[in-house]
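The values are calculated or read from the model by the stated rules, or taken from the named source; none is laboratory data. Values in this document were obtained by computation on a predicted structure and should not be read as measured data. Every residue, glycine as well, gets a Cβ built from its backbone with ideal geometry; the counts of neighbours run over all protein chains shown.
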Amino acid sequence: MVKIAATGDIHGRRFLDLYIKAMGELPSDVEVLLLCGDVINKGKAEDVELVIEATRRFFKGRVYACFGNEEYETVQDKIVELSRGEIHWIDESIVKLYMSDAVITLIGTRGCLDRPTRWQRRNIPRIEEIYARRVEKVRELLAQVDREENSILFMHYAPTYKTLMGEEKWAWPELGCRKMEAVISSYRPTLVLHAHAHRGEVAKTAIGATPIYNVSLPARRKIMVIDITALKRTTLDAYW
(Lines give C-alpha, C1' and ligand atoms only; values in the text may rest on other atoms or scores of the structure.)
Protein backbone atom coordinates (compact mmCIF):
# COMPACT_ATOMS: atom_id res chain seq x y z
CA MET A 1 0.00 0.00 0.00
CA VAL A 2 1.34 3.41 -1.01
CA LYS A 3 -0.72 6.44 -0.06
CA ILE A 4 -0.29 9.77 -1.79
CA ALA A 5 -1.97 13.03 -0.82
CA ALA A 6 -2.99 15.72 -3.29
CA THR A 7 -4.44 19.20 -3.28
CA GLY A 8 -4.23 22.47 -5.21
CA ASP A 9 -5.40 26.08 -5.25
CA ILE A 10 -3.96 27.12 -1.90
CA HIS A 11 -3.37 30.58 -3.36
CA GLY A 12 -0.92 31.65 -0.69
CA ARG A 13 -2.67 33.46 2.16
CA ARG A 14 -6.08 33.22 0.52
CA PHE A 15 -6.76 29.61 1.57
CA LEU A 16 -3.81 29.11 3.92
CA ASP A 17 -5.97 28.65 7.03
CA LEU A 18 -8.04 26.00 5.26
CA TYR A 19 -4.84 24.31 4.11
CA ILE A 20 -3.44 24.24 7.63
CA LYS A 21 -6.67 22.74 8.96
CA ALA A 22 -6.72 20.12 6.21
CA MET A 23 -3.05 19.23 6.71
CA GLY A 24 -3.74 18.72 10.40
CA GLU A 25 -6.10 15.89 9.44
CA LEU A 26 -3.59 14.18 7.10
CA PRO A 27 -3.04 10.46 7.89
CA SER A 28 0.42 9.61 9.20
CA ASP A 29 1.08 6.95 6.54
CA VAL A 30 1.01 9.31 3.53
CA GLU A 31 4.35 9.13 1.69
CA VAL A 32 4.12 11.87 -0.95
CA LEU A 33 2.23 15.15 -1.25
CA LEU A 34 1.33 16.51 -4.69
CA LEU A 35 0.35 20.15 -5.19
CA CYS A 36 -1.61 20.73 -8.40
CA GLY A 37 -0.78 24.36 -9.04
CA ASP A 38 -1.80 27.77 -7.74
CA VAL A 39 0.28 27.27 -4.62
CA ILE A 40 0.82 31.05 -4.64
CA ASN A 41 -1.54 33.91 -5.42
CA LYS A 42 -1.26 36.25 -8.40
CA GLY A 43 2.47 35.82 -8.94
CA LYS A 44 3.52 36.50 -5.32
CA ALA A 45 6.51 34.17 -5.26
CA GLU A 46 7.08 34.71 -1.52
CA ASP A 47 3.79 32.92 -0.83
CA VAL A 48 5.57 29.62 -1.43
CA GLU A 49 7.48 30.09 1.83
CA LEU A 50 4.22 30.35 3.76
CA VAL A 51 2.97 27.12 2.19
CA ILE A 52 6.24 25.31 2.92
CA GLU A 53 6.15 26.38 6.55
CA ALA A 54 2.53 25.25 6.91
CA THR A 55 3.27 21.95 5.17
CA ARG A 56 6.25 21.09 7.35
CA ARG A 57 4.25 21.49 10.53
CA PHE A 58 2.43 18.29 9.62
CA PHE A 59 4.28 16.47 6.84
CA LYS A 60 7.99 15.63 6.52
CA GLY A 61 7.86 13.57 3.32
CA ARG A 62 8.50 14.46 -0.30
CA VAL A 63 6.47 17.25 -1.90
CA TYR A 64 6.07 17.72 -5.66
CA ALA A 65 4.16 20.44 -7.51
CA CYS A 66 3.20 21.57 -10.98
CA PHE A 67 2.73 25.20 -11.90
CA GLY A 68 -0.72 26.78 -12.16
CA ASN A 69 -1.91 29.97 -13.80
CA GLU A 70 -1.04 31.97 -10.66
CA GLU A 71 2.60 30.88 -10.88
CA TYR A 72 3.33 33.35 -13.64
CA GLU A 73 6.14 32.29 -15.97
CA THR A 74 8.01 35.50 -15.08
CA VAL A 75 8.37 34.37 -11.44
CA GLN A 76 8.78 30.62 -11.87
CA ASP A 77 12.55 30.70 -11.34
CA LYS A 78 12.10 32.73 -8.16
CA ILE A 79 9.47 30.28 -6.89
CA VAL A 80 11.85 27.37 -7.44
CA GLU A 81 14.64 29.27 -5.68
CA LEU A 82 12.47 30.14 -2.67
CA SER A 83 11.28 26.53 -2.45
CA ARG A 84 14.84 25.56 -1.43
CA GLY A 85 14.26 21.98 -2.48
CA GLU A 86 11.35 21.61 -0.06
CA ILE A 87 8.99 21.53 -3.04
CA HIS A 88 10.17 19.85 -6.24
CA TRP A 89 8.52 21.48 -9.26
CA ILE A 90 7.76 19.26 -12.26
CA ASP A 91 7.07 21.15 -15.48
CA GLU A 92 6.36 19.03 -18.55
CA SER A 93 8.75 16.36 -17.38
CA ILE A 94 8.92 12.98 -15.67
CA VAL A 95 10.18 12.01 -12.22
CA LYS A 96 10.43 8.46 -10.87
CA LEU A 97 9.73 7.91 -7.19
CA TYR A 98 11.07 4.84 -5.43
CA MET A 99 8.61 4.22 -2.60
CA SER A 100 8.34 1.67 0.18
CA ASP A 101 6.20 -0.76 -1.83
CA ALA A 102 6.18 0.61 -5.37
CA VAL A 103 7.84 2.71 -8.03
CA ILE A 104 5.71 5.63 -9.17
CA THR A 105 6.23 7.71 -12.30
CA LEU A 106 5.09 11.32 -11.96
CA ILE A 107 4.24 13.40 -15.03
CA GLY A 108 3.69 17.06 -14.22
CA THR A 109 2.30 19.81 -16.44
CA ARG A 110 0.37 23.06 -16.12
CA GLY A 111 -2.20 21.62 -18.50
CA CYS A 112 -4.23 23.30 -21.23
CA LEU A 113 -7.44 25.16 -21.96
CA ASP A 114 -9.76 24.64 -24.91
CA ARG A 115 -10.36 28.39 -25.00
CA PRO A 116 -7.71 30.75 -23.60
CA THR A 117 -9.06 33.36 -21.24
CA ARG A 118 -9.44 36.93 -22.42
CA TRP A 119 -6.42 37.94 -20.33
CA GLN A 120 -4.34 35.15 -21.87
CA ARG A 121 -5.36 36.12 -25.40
CA ARG A 122 -4.29 39.70 -24.74
CA ASN A 123 -1.08 39.01 -22.85
CA ILE A 124 0.41 35.69 -23.99
CA PRO A 125 1.45 35.63 -27.66
CA ARG A 126 0.41 32.53 -29.61
CA ILE A 127 -1.28 31.03 -26.57
CA GLU A 128 -3.42 28.70 -28.72
CA GLU A 129 -0.25 27.21 -30.18
CA ILE A 130 1.27 26.85 -26.71
CA TYR A 131 -1.74 24.83 -25.55
CA ALA A 132 -1.73 22.67 -28.68
CA ARG A 133 1.97 21.88 -28.20
CA ARG A 134 1.38 21.10 -24.52
CA VAL A 135 -1.23 18.47 -25.34
CA GLU A 136 1.28 16.80 -27.64
CA LYS A 137 4.02 17.09 -25.01
CA VAL A 138 1.85 15.26 -22.49
CA ARG A 139 1.22 12.59 -25.12
CA GLU A 140 4.98 12.23 -25.65
CA LEU A 141 5.66 11.96 -21.92
CA LEU A 142 2.97 9.34 -21.35
CA ALA A 143 4.29 7.34 -24.30
CA GLN A 144 7.56 6.96 -22.40
CA VAL A 145 5.86 5.30 -19.43
CA ASP A 146 5.59 1.51 -19.22
CA ARG A 147 1.90 0.71 -18.77
CA GLU A 148 2.79 -1.85 -16.12
CA GLU A 149 4.14 0.96 -13.95
CA ASN A 150 2.23 3.04 -11.43
CA SER A 151 1.90 6.45 -13.07
CA ILE A 152 0.35 9.72 -11.99
CA LEU A 153 -0.38 12.55 -14.41
CA PHE A 154 -0.96 15.70 -12.38
CA MET A 155 -1.77 19.14 -13.71
CA HIS A 156 -3.50 22.38 -12.83
CA TYR A 157 -6.20 22.76 -15.48
CA ALA A 158 -8.90 20.10 -15.79
CA PRO A 159 -8.27 17.44 -18.46
CA THR A 160 -12.01 16.86 -18.88
CA TYR A 161 -15.28 18.71 -18.38
CA LYS A 162 -16.65 15.83 -16.29
CA THR A 163 -15.32 17.34 -13.05
CA LEU A 164 -16.52 20.88 -13.83
CA MET A 165 -20.16 20.52 -12.77
CA GLY A 166 -20.82 23.38 -10.35
CA GLU A 167 -18.83 25.85 -12.42
CA GLU A 168 -20.60 28.10 -14.93
CA LYS A 169 -21.01 26.00 -18.07
CA TRP A 170 -20.01 28.85 -20.39
CA ALA A 171 -16.63 28.92 -18.61
CA TRP A 172 -15.77 25.23 -18.94
CA PRO A 173 -13.54 25.74 -22.03
CA GLU A 174 -11.58 28.29 -19.94
CA LEU A 175 -11.18 25.81 -17.06
CA GLY A 176 -10.10 22.65 -18.86
CA CYS A 177 -9.22 20.83 -22.03
CA ARG A 178 -11.22 17.92 -23.45
CA LYS A 179 -8.41 17.20 -25.92
CA MET A 180 -6.60 15.61 -22.97
CA GLU A 181 -9.31 12.95 -22.74
CA ALA A 182 -8.09 11.18 -25.88
CA VAL A 183 -4.50 11.25 -24.60
CA ILE A 184 -5.50 9.76 -21.26
CA SER A 185 -7.69 7.16 -22.95
CA SER A 186 -4.82 6.10 -25.22
CA TYR A 187 -2.07 5.82 -22.61
CA ARG A 188 -4.08 4.96 -19.47
CA PRO A 189 -2.07 6.42 -16.59
CA THR A 190 -2.94 4.93 -13.23
CA LEU A 191 -4.27 8.22 -11.88
CA VAL A 192 -4.91 11.78 -13.09
CA LEU A 193 -5.15 14.75 -10.72
CA HIS A 194 -6.09 18.38 -11.35
CA ALA A 195 -7.22 21.51 -9.52
CA HIS A 196 -8.36 24.96 -10.78
CA ALA A 197 -12.11 24.20 -10.50
CA HIS A 198 -12.82 25.86 -7.14
CA ARG A 199 -16.55 25.20 -7.43
CA GLY A 200 -16.30 21.77 -9.00
CA GLU A 201 -18.88 19.52 -7.36
CA VAL A 202 -17.58 16.26 -8.85
CA ALA A 203 -14.60 14.99 -6.87
CA LYS A 204 -13.97 11.89 -8.97
CA THR A 205 -14.79 10.65 -12.44
CA ALA A 206 -13.04 8.40 -14.95
CA ILE A 207 -11.81 8.28 -18.52
CA GLY A 208 -11.90 4.59 -19.37
CA ALA A 209 -10.48 2.89 -16.30
CA THR A 210 -8.32 5.89 -15.31
CA PRO A 211 -9.71 7.76 -12.31
CA ILE A 212 -9.68 11.55 -12.54
CA TYR A 213 -9.78 13.60 -9.33
CA ASN A 214 -10.44 17.31 -8.88
CA VAL A 215 -8.34 17.95 -5.77
CA SER A 216 -8.92 21.72 -5.60
CA LEU A 217 -8.77 22.69 -1.93
CA PRO A 218 -11.68 25.20 -2.06
CA ALA A 219 -13.84 22.53 -3.71
CA ARG A 220 -12.93 19.55 -1.52
CA ARG A 221 -12.22 21.37 1.78
CA LYS A 222 -9.70 18.62 2.58
CA ILE A 223 -6.55 16.97 1.28
CA MET A 224 -7.38 14.02 -0.96
CA VAL A 225 -5.62 10.78 0.04
CA ILE A 226 -5.36 7.92 -2.47
CA ASP A 227 -3.78 4.45 -2.34
CA ILE A 228 -2.02 4.36 -5.70
CA THR A 229 -1.27 0.61 -5.57
CA ALA A 230 -4.95 -0.22 -5.05
CA LEU A 231 -5.82 1.95 -8.04
CA LYS A 232 -3.26 0.13 -10.17
CA ARG A 233 -4.83 -3.23 -9.41
CA THR A 234 -8.27 -1.89 -10.27
CA THR A 235 -7.03 -0.38 -13.54
CA LEU A 236 -5.35 -3.60 -14.65
CA ASP A 237 -8.42 -5.67 -13.78
CA ALA A 238 -10.56 -3.37 -15.91
CA TYR A 239 -8.42 -3.92 -19.01
CA TRP A 240 -7.10 -7.46 -18.77
Exercise for the section: Just need a number here: residues in region 169-194 that are basic (Lys, Arg), touching a helix residue (DSSP H, G or I) at 6+ places or on another chain (Cβ under 9 Å) and part of a helix (DSSP H, G or I). Expected result: 1
Exercise for the section: Could you grab me the full set of residues in region 23-57 that are out of contact with any strand residue (DSSP E or B) (no Cβ under 7 Å at 6 or more places or on another chain) and among the aliphatic types (A, V, I, L, M)? Expected result: Met23, Ile40, Ala45, Val48, Leu50, Val51, Ile52, Ala54
Exercise for the section: Could you list all residues from region 1-32 that are of a type in the set (A, V, I, L, M) and at pLDDT below 95? Expected result: Met1, Val2
Exercise for the section: Please identify the pairs in which a residue from region 115-129 that is outside any helix (DSSP H, G or I) has its Cβ atom under 8 Å from the Cβ atom of a residue that is at pLDDT 95 or above and of a type in the set (Phe, Trp, Tyr), counting only partners at least 6 apart or on another chain. Expected result: Pro116/Tyr131
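From the list Leu106, Leu16, which one is buried (at least 16 other Cβ atoms within 10 Å of the Cβ), within 17 Å of the chain's Cα centre (by Cα) and more than 30 Å from Trp170 (Cβ to Cβ)?
Only one candidate passes the filter, namely Leu106.
For every residue, the table says whether it meets (1) among the aromatic types (Phe, Trp, Tyr); (2) surrounded by 24 or more Cβ atoms within 10 Å (Cβ to Cβ); (3) touching a strand residue (DSSP E or B) at 6+ places or on another chain (Cβ under 8 Å).
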{"residue": "Arg139", "(1), (2), (3)": "no, no, no"}
{"residue": "Leu142", "(1), (2), (3)": "no, no, yes"}
{"residue": "Glu148", "(1), (2), (3)": "no, no, no"}
{"residue": "Ser151", "(1), (2), (3)": "no, yes, yes"}
{"residue": "His156", "(1), (2), (3)": "no, yes, yes"}
{"residue": "Tyr161", "(1), (2), (3)": "yes, no, yes"}
{"residue": "Glu167", "(1), (2), (3)": "no, no, no"}
{"residue": "Trp170", "(1), (2), (3)": "yes, no, no"}
{"residue": "Glu174", "(1), (2), (3)": "no, no, no"}
Exercise for the section: Answer with yes or no whether Ala197 is small (Gly, Ala, Ser) and part of a loop (DSSP other than H, G, I, E, B). Expected result: yes
Fill in the blank from the handout: How many residues of region 203-217 are surrounded by fewer than 18 Cβ atoms within 10 Å (Cβ to Cβ) and either in contact with an Asp or Glu (Cβ under 6 Å, 6 or more places away or on another chain) or not in a strand (DSSP E or B) (or both)? The answer is 3
Handout entry: Of all residues making up region 53-79, the number that are in contact (Cβ under 8 Å) with a residue 24 or more places away in the chain, polar (S, T, N, Q) and closer than 27 Å to Arg134 by Cβ
Key = 2
